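I have placed the structure first, in the form of structure tokens, so that the comments after it can refer back to it.
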Amino acid sequence: MTKGKRVDTSTVLFGVFGNPVAHSMGPVMHNAAFKKIGFNAVYLAFRITDIANGILAIRELGIRGVSITIPFKESVIPFLDEIDEDARCMGAVNTIVNQNGKLTGYNTDHRGAVEPLMALTSLQRRHVCILGAGGAAKAVAFGLKKKNAVITITNRTVSKGISLAHQVGAAFVSMDDFETARPDIIINTTSIGMTPNQDQTPLDKRFLHPGMIVMDIVYNPLETRFLKEAKTAGCRLIDGLSMFIHQGAAQFKLFTGKDAPEPVMRDAVLQAMRKV
Ligand code: NAP
């Protein structure tokens, strides 16, 4: 919402569609950013049961932009007028922009993953090991591949890990053979370590070495056991909020055409997380 203005008939509507969606930090993040840049807009959370009806609502209500989250990132695609190339390659949409009634689907998740890494290092030919093979792993792998990283995937369900590895041109290694992977960067994309299981970690600490970059995309808690052990081992760390804020910042640019005030977005989410 705008600085010093109230919601009125010219307020622009944005939102997130998902199910469940009550936990989403999207409203906190985007509303703080709208306020910071003085844009008369509001971003709300909508629990959707039928994505086809959700799309009709965008068209009928003139909702300007929507974030798409679980479980609709793939099923939304047939209802859109145009799909950006990255989203098409990934087979998943996390952002819809409504431009005068034309709905275009984008995916900013892969940027959320690689931009925090690129602030620390080039990804060209770097060896990256991804723990997990779910939806988030796919976005992370796609982003890394675009930057010419050399990727190895490991996953509890071997068939899913091998399938993702084939899709993105990566190698697969079982957890038992992890020591053969020798990565420069390790990224946890599993939900292991997330509240209420914060005593768990996706990888034995003997695989963590000084100088490695270790990223966890779990952000609840912000300092997971995996990151704590990586810190003790002398690794460089990237927390889960970094991916969330970077994908949100790319989304904000698509929604408004303006650069996102990332520090304001991160502070707003951190403050909201402390209250939960
Ligand atoms: P998903 O599609 O359900 O995939 C879950 C992954 O975690 C699978 O690889 C699964 O392995 C693995 N896994 C789950 N529990 C496990 C366990 N007990 N032991 C071993 N492996 C386990 O979920 P997703 O959408 O990829 O999300 C994964 C996590 O990332 C969630 O915690 C989510 O909140 C977080 N996330 C964060 C961001 C961000 O912006 N920071 C963005 C997206 C997601 P199997 O294949 O063997 O089941």
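As a footprinting exposure proxy, order 23, 209 by other Cβ within 10 Å, with the fewest listed first.
Sorted ascending by nearby Cβ count, the order is 23, 209.
How high is the relative contact order of the stretch 38-171? Use alpha-carbon pairs under 8 Å, at least six apart in sequence, and give a whole percent.
Reported relative contact order: 16 percent.
How do 166, 110 rank when sorted from fewest to most other Cβ atoms within 10 Å of their own Cβ?
166, 110
Would you mind telling me the antiparallel percentage of the DSSP bridges in the chain, rounded to 5?
Once the DSSP bridges in the chain are tallied, antiparallel ones form about 20 percent.
What net charge do the residues around residue 52 carry, taking every other residue with its C-beta under 13 Å from that of residue 52, with Lys and Arg at +1 and Asp and Glu at -1?
-1
Report, by chain and number, residues whose modeled amide H sits under 5 Å from the one on residue 150, excluding near sequence neighbours (fewer than 5 apart, same chain).
125, 126, 127, 128
Just subtract the alpha-carbon distance of residue 254 and residue 88 from 0.36 nm times their residue separation and send over the number in nm, one decimal.
Fully extending the segment from residue 254 to residue 88 adds 58.1 nm.
Given 0.36 nm per residue, what is the gain on full extension from residue 36 to residue 118 after removing their alpha carbon distance, in nm?
That works out to 26.9 nm of additional length.
Taking Cα centroids, how far is the stretch 18-83 from the stretch 231-276 in Å?
18 Å
Take the alpha carbon gyration tensor of the chain, find the square roots of its eigenvalues, order them as a ≥ b ≥ c, and report rounded if a/c is under 1.5; if not, report prolate when a/b exceeds b/c, else oblate.
Here the chain falls in the prolate category.
Measure up 102/138; 36/253; 35/275; 73/275; 36/258; 138/205 against 22 Å on the Cα-Cα distance and list the ones that go over.
Distance filter (> 22 Å) returns 102/138; 73/275; 138/205.
How do 275, 231 rank when sorted from fewest to most other Cβ atoms within 10 Å of their own Cβ?
Taking fewest neighbouring Cβ atoms as first place, the list is 275, 231.
All other residues with a Cβ under 12 Å from the Cβ of residue 113 taken together, and with Lys, Arg as +1 and Asp, Glu as -1, what is their net charge?
Cβ neighbours under 12 Å give a net charge of +2.
Short version: ³J(HN,Hα) in whole Hz for each residue of the stretch 149-158, in order, from phi by Karplus 6.51 cos²θ - 1.76 cosθ + 1.60 (θ = phi - 60°), x for Gly and Pro, what are they?
Whole-Hz 3J(HN,Hα) from phi for the stretch 149-158: 6, 9, 10, 10, 10, 10, 7, 4, 8, 4.
Starting from the Cα gyration tensor of the stretch 1-70, take the square roots of the eigenvalues, sort them a ≥ b ≥ c, and report rounded, prolate or oblate (rounded when a/c is under 1.5, otherwise prolate if a/b is larger than b/c, else oblate).
Oblate.
Can you tell me the orientation of helix 240-256 relative to the chain, as the angle in degrees between its alpha-carbon axis and the longest Cα principal axis, to the nearest 10?
It is inclined by approximately 30 degrees.
Rounded to the nearest 10 degrees, what's the angle between the helix 135-146 long axis and the longest principal axis of the chain, both from Cα atoms, 0 to 90?
Long axis of 135-146 versus the principal axis of the chain: about 80 degrees.
What's the extension gain from residue 127 to residue 272 if we count 0.36 nm per residue and subtract their Cα-Cα distance?
Using 0.36 nm per residue and subtracting the Cα-Cα distance, I get 48.7 nm.
Bear in mind these aren't lab numbers, they're just calculated from the coordinates by the rules spelled out. These numbers were taken from a predicted model, which means no experiment stands behind them. Glycine gets a Cβ as well: all are built from the backbone with ideal geometry, and neighbour counts include every protein chain shown.
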